[in-house]
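A.B. asks: Can you keep this structure in mind? I'll have questions shortly.
Quick note: the coordinates plus some simple rules give every number you see, no bench work behind them. Here the structure is a predicted model, which means the values were calculated and not measured. Here the Cβ positions follow ideal geometry from the backbone for every residue, glycine too, while neighbour counts run over all protein chains shown.
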Amino acid sequence: MRKKKEYRSAIRSRKLIREAFSKLMKEKSIDKITVTDIVNAADINRGTFYAHFKDTRSIIAQIENEIIDKMNQILSKFDFANILDHAWQMFLEIEKIIEQDYDIFVKLIDAPGSEQFLDKLRNTAINNLFLNKKLPEEVKKSKEFLLRVNYFGGGMVNLYLRWFKKEVDCSLRDISNELYKQIKLLKQLFLDEQQLGIKQEN
């Protein structure tokens, strides 16, 4: 019984910390948020905070990982074998995640050290969409293939990044439309199937 109470208390404390951090994110940049800010906003003591997180960076890392997990859940449903048939649905699901977590994305992108988070997003896109188990090993190890998937995967993430930074004047749906067009042209533009030995599924 005591363990259950401690477990519920721990869950409640982590929730209070996360809620306080989310509130503070709307008020100031991530790198300006301190442990003191969090414990005051959550109405907890410092010991409770340090029982769950090492520092504020630990909370940021957890938020980043949660976003990466969401993207993994979406992208893992698609791979090179079926992406041409389901690409539009994939981009719609990405849109939904971005709309739900827009403020969090903006804060993470603007925060110092955001390059690590962006690298995680790029690797997530590349690993899930292209470097999947259904591709022959000789294809995945091909220099040409690796260059092309990194070019496309990196470009896709960069396009969203520029949109978040308001460097491109378009909507999320415009980006989805454009990426969908590029995906449909992917085999012709980036992949020589005969050269790489990729077989289409019937």
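A.B. asks: Net charge within 11 Å of Arg57 by Cβ-Cβ distance, Lys/Arg positive one each and Asp/Glu negative one each, not counting Arg57 itself?
C.D. replies: -2
A.B. asks: Another question about this same structure. Simple spin-label model, 7 Å along Cα-to-Cβ: Asp169 to Glu95 in nm?
C.D. replies: Label-label distance for Asp169 and Glu95, simple model: 2.2 nm.
A.B. asks: Also, I was wondering about something else. Apply the Kirkwood formula to the stretch 2-53: the hydrodynamic radius equals the inverse of the mean of 1/r over all pairs of different alpha-carbon atoms; give it in Å with one decimal.
C.D. replies: 11.3 Å
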